[in-house]
Amino acid sequence: MTVSGTTSGDGAAGRGDGTATGSPTAWTDAWDVLLASAPARRRGRVLQSALREAVRSGRLAAGTRLPSSRELAADLGVSRGLVTDAYEQLTAEGYLRSGHGSGTWVGDAVRAAAPAVRDRAPHPPGARADFVPGTPDLSLFPRAAWGAAHRTVLARLPHRALGYPDPRGLPELRTALAALLTRRRGVVADPERLLVCSGVAQAMTLLGFALHRRGARTVGVEDPGSPENVAVLGSAGLRTVPLPVDSEGLVPGAAARAGVRAVLTTPAHQYPSGIAYSAARRTELLDWARSVDGLVLEDDYDGDFRYDRAPVGALQGLDPERVAYMGSVSKSMAPGLRIGWLLAPEELTEELVERKRTMDLGNPVLEQALLADFVEQGGYDRHLRRCRLAYQRRRDTLIAALDEHFPGTGVSGISAGLHVIALLPGRYGPEARFLERAAGAGVALRALAYHGTARPEDGRVRLVMGYAHQSPSEITRGVRLLAEAVGRG
């Protein structure tokens, strides 16, 4: 058999005329093995797939002349028609080219694929101790209950439900979520106005597009706040303006001075300062929104996790036409589920639904049906109780460990959520040196300065410390490692 234009797979050198000769090449040997193991009815498809992959990977380079159909069929022990069909199919797809009487060649259009698939998902830093905030304990995910619900839901799901869904979400999930949010978070939740989204990020993007369409170009955001929101709103064409947060919440006067008519807030548990907006500040914020015909975007990211008392209800319950409410299961269950919700003012709802439809044609049906069943059967409430007990213990463990190894440390914010703000005594500063020593010891930390533009210049160390994703023993060990790394300052 002859293969022109490249060196054959057995290492034979090409002749001066560009033709390589020798015994059957390694790649035809591989096809022989594949074909022998394949059922007779699939051998043509297997041969096409093997040829296609050889071209994509670069093992058959552009310009390589392939054996004649008769010759390759004889080598592989298959019919000539099978090889001819394979050549014709790949020629039609652009992998091969042929001319009457001139043979079959590898085409020039194909470029070798990347040698490996990259995983661009965010991963833990691989540190000896990890206090970076924002992640729940994924080992608490209710696998057994979720798996049981999967079998039950899949068995009863009608065939028609597997078509394109309502862009707002499955009716049963919207009904279940509306009841849940009314009961647990005090929102005004009409299932007809509730949109199931791919997390808060998509809900925020939808709102950003709606605001932009109405002429908005800026949105006020909390300072300190989440830097990720800047990119999310920016994808909708909006610029963010940092607005200061004091001990009671976002300062409405700052919003008025900035001239914005929309603000993004976290009233139940401000991120990252950890405060809850006061009743007076909630009223002031809504009064401001009414006075400018504005909108408050409420991110209720961890409102279910309050440890010392019942959680404060959502701001949306006070004025559903001035507050767009967003939430998800990212902190309560797992961010990988990509399920969230959006309750917006009535005048925005239809526009948001249409934008959602054109954006993704709706969220995956099975996952929606699973969550609806999980909520309706009480599994979600049971899971929240389990998580709340675990996270409260871990918060207490972190505070005790800081008190032992960093005496004099102040922990601020309400007893809630998945993180604390730790203000270390002055002797541990300056902050840059502290963080450098911690990183050198393999302790992953995030400074409060990462979250805002207002940075005190007193040199003291201010940390946002996540604890939910670590066991109590890991928390204790991590704080001890940190103390050993930084010493007494």
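The values are calculated or read from the model by the stated rules, or taken from the named source; none is laboratory data. Predicted model only: the values in this text are computed from it and were never measured. In this analysis, Cβ positions are derived from the backbone assuming ideal geometry, glycine residues included, and neighbour counts consider all displayed protein chains. Accessible surface areas use protein heavy atoms only, side chains included; no ligands, DNA or RNA. Shrake-Rupley method; radii C 1.70, N 1.55, O 1.52, S 1.80 Å.
Details
- Any hit, region 398-410, residues being among the β-branched types (Val, Ile, Thr), open to solvent by less than 50 Å² (accessible area, probe 1.4 Å) and over 26 Å from the mean Cα position of the chain (by Cα): yes
- Set side by side, the residues Ala334, Ala280 differ, and just one is out of contact with any Pro (no Cβ under 6 Å at 6 or more places or on another chain), without any contact (Cβ under 8 Å) to a residue 40 or more places away in the chain and over 22 Å from Arg193 (Cβ atoms), which is Ala280.
- When we screen Leu342, Leu370 for residues that are touching a strand residue (DSSP E or B) at 6+ places or on another chain (Cβ under 6 Å) and either open to solvent by less than 20 Å² (accessible area, probe 1.4 Å) or part of a strand (DSSP E or B) (or both), the only hit is Leu342.
- Residues located in region 211-222, provided they are buried (at least 19 other Cβ atoms within 10 Å of the Cβ) and either acidic (Asp, Glu) or more than 28 Å from Ala276 (Cβ to Cβ) (or both): Glu222
- Spans of helices (runs of 4 or more DSSP H) in region 186-265 with at least 3 residues over 25 Å from Pro133 (Cβ atoms) and modelled with pLDDT of 95 or more: 199-213, 252-258
- Test for Ala447: is it among the aliphatic types (A, V, I, L, M), in contact with a strand residue (DSSP E or B) (Cβ under 7 Å, 6 or more places away or on another chain) and more than 19 Å from Pro133 (Cα to Cα): no
- First in region 379-402 and over 15 Å from Ile414 (Cβ atoms), second anywhere and modelled with pLDDT under 95 and of a type outside the set (S, T, N, Q), Cβ under 6 Å, 6 or more apart: Gly379/Ala145; Leu384/Asp304
- Taking the criterion of being over 17 Å from Arg385 (Cα atoms) and in contact with a Pro (Cβ under 7 Å, 6 or more places away or on another chain), the only residue of region 301-319 that qualifies is Leu315.
- Meets criteria (crowded, with 24+ Cβ neighbours inside 10 Å and out of contact with any Leu (no Cβ under 8 Å at 6 or more places or on another chain)) for Gly274: no
- Flag for Leu435 being at pLDDT 95 or above, in contact with a helix residue (DSSP H, G or I) (Cβ under 9 Å, 6 or more places away or on another chain) and open to solvent by 40 Å² or more (accessible area, probe 1.4 Å): no
- Where Val353 falls short, out of the listed (1) outside any loop (DSSP other than H, G, I, E, B); (2) open to solvent by 50 Å² or more (accessible area, probe 1.4 Å); (3) not aromatic (Phe, Trp, Tyr): (2)
- Unique residue being surrounded by fewer than 18 Cβ atoms within 10 Å (Cβ to Cβ), of a type in the set (A, V, I, L, M), more than 24 Å from the chain's Cα centre (by Cα) and not in a helix (DSSP H, G or I) when the list is Ala109, Ala161: Ala109
- Residue ID - farthest from Ser332 (Cα to Cα), chosen from residues in region 447-489 that are assigned to a loop (DSSP other than H, G, I, E, B) and under 26 Å from the mean Cα position of the chain (by Cα): Thr453
- Top-ranked residue in region 285-328 [being part of a loop (DSSP other than H, G, I, E, B) and aliphatic (A, V, I, L, M); ranked as surrounded by the fewest Cβ atoms within 10 Å (Cβ to Cβ)]: Ala310
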